[in-house]
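To start, the structure itself, in structure tokens.
The values are calculated or read from the model by the stated rules, or taken from the named source; none is laboratory data. Just so it is clear, the model here is predicted, and its values are computed rather than measured. Cβ atoms come from the backbone with ideal geometry, glycine included; neighbour counts cover every protein chain shown.
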Amino acid sequence: MQIGIIGAGNVGGTLGRAWAQKGHEVMFGVRQPKTGKVQTLLEQAGGGAKAGTVAEAAAFGSVVTLATPWPATREALRTAGDLAGKVLLDCTNPLKADFSGLEVGHTTSGAEQVALWAKGARVVKIFNSTGFENMANPKYGKGAAVTMFFAGDDAAAKGIAAQLAREIGFEPVDAGPLGNARLLEPLAMLWIHLAFAQKQGTGIAFKLLRR
Ligand SMILES: NC(=O)c1ccc[n+]([C@@H]2O[C@H](COP(=O)([O-])OP(=O)(O)OC[C@H]3O[C@@H](n4cnc5c(N)ncnc54)[C@H](OP(=O)(O)O)[C@@H]3O)[C@@H](O)[C@H]2O)c1
């Protein structure tokens, strides 16, 4: 699969590395491709990854992963250009600047806002409800896979998102329509609270149990 990544930081870098190592073609869309940080990321990702501008990465991917800080997200999508028809994996969380809560919620969500900005994109909310360390290694104990909830309105796009989550070790769980990002973004807030405010650390993750 050809995957463009907008925002090659903790989340975008980790997911891109993992997918490249699974044999996908990855292009990181970055503002400064020549930096040491980007070159190191490309070396870690191996031969299946390259870097270009945000617009180039967006054009390259049939799947585009959005992993920008919330305040930069609208601008990043504007720079990306036309995303109509593409699967857009929204990993962002609309965090307040001081991490005390979410900028939007209850009556909308970051994901629904992203869908309005990226007209025609097939948005799936995913990879927002756990830390990037868990994205690098979603297995706990004797191989229990971290649950990765996702939400979206396009069944085929959700299937691709689930497959990409499963390939890197998550247990994907369909959490319903895109509007249910209103549930998944506060879930991320809970993870952040447990990990940082309660100082439980980033080696924690959510798991859906079934009887
Ligand atoms: N950190 C986590 O564990 C985690 C987990 C789940 C979800 N999230 C969410 O995922 C998103 C990314 O988090 P992160 O921790 O990966 O952030 P990060 O490490 O700060 O990386 C953000 C990336 O976005 C790029 N960027 C910033 N403004 C941009 C713009 N206008 N156009 C294009 N690229 C731009 C940055 O590029 P430069 O290097 O050029 O500044 C950087 O590569 C956030 O919304 C966060 O809430 C984070």
What helices (runs of 4 or more DSSP H), lying completely within segment 1-66, carry at least 3 residues that are within 16 Å of L164 (Cβ to Cβ) and within 9 Å of the ligand (Cβ to nearest atom)? 10-21
Under 6 Å between Cβ atoms, at least 6 apart or on separate chains: pull out the pairs that start in segment 153-166 with a residue that is of a type in the set (D, E, K, R) and end on any residue that is not in a helix (DSSP H, G or I). D153/P177; D154/R122; K158/V124; K158/G152; R166/P172
Would you confirm whether any residue within segment 13-22 is modelled with pLDDT of 95 or more, among the charged types (D, E, K, R) and touching a Lys or Arg at 6+ places or on another chain (Cβ under 8 Å)? no
